[in-house]
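Since every read-out is calculated from the coordinates, none of them should be taken as a lab result. Please read all numbers here as calculations on a predicted model, not as lab measurements. FYI the Cβ positions are ideal-geometry reconstructions off the backbone, even for glycines, and counts take in every protein chain you see.
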Amino acid sequence: MATDVANADQIPVEGQPPAKAAMPKKKKLMLFGAAALAALIAAGGGAYMFLGKNAAKQQASTAKKMVFFDLPEITTNLAMVPGQERPVYLKMKVALELEDQKMVAEIQPLMPRVMDNFQIFLRELRPSDLEGSAGLYRLKEELVRRINAAIYPARVEAILFKDVLVQ
C-alpha cells in the first residue's frame, strides 16, 4: 500500500498532461561541466589581469638602475652556548643594494655607525640562529632593519650576502 502512494504521482490522470521526467544524468553533468568551465575561464581571466599588472610593476621597478656598495669584511665571535668549549666565529662579506649613486655619498659618512650596529647585533647571535636558509633570511632582514635605522632618512633596498662562514 505504501508503494501505491509513492507511485501515485507517476500514474497519469485523465485530462492532465503527464508529469515531467527528471533531468537525465547526462544533461546534469553537461550543465555542471559548463558551469565549471565558465568559472575556470573567469578565474583565469582574473588571474591574467592581476598577474599582468604585477608583471608591469615589476618591469618598471627593475628598470631603475640599482647600485651596489660593498661593506668591509666583518669577522666576529658569536655568543657562547653553555657547554661549548671553543668560540664560534662568523665571517661575512655583504653588499648593500641602493637606489642610486647619490645614496652612496649619503651612506659613506655613516659607515662607522652601521658597522657598530652590525657588530653589536652579530655578537649576540648563537650558532643555532644562523642554521639553514631561514636563519640567513632572518639575519638579512634584521641587518636591513638595523642599517635603515642607522642611516635614516636614506634607505637600503636590500643586503646581499657575498660570503658567510660560520666556524
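List of remarks:
- Virtual spin-label span in nm between Ala36 and Arg123, 7 Å along Cα→Cβ: 6.4 nm
- Within the shell of other residues whose beta carbon sits under 14 angstrom from the beta carbon of Glu124, the net charge comes to +1, with Lys and Arg scored +1 and Asp and Glu -1.
- With 10 Å bins beginning at zero, the pair-distance distribution over Cα atoms of the range 50-167 amounts to 12, 40, 28, 15, 5, 1 %.
- Length gained on full extension, Glu157 to Lys25: 41.6 nm, using 0.36 nm per residue less the C-alpha separation.
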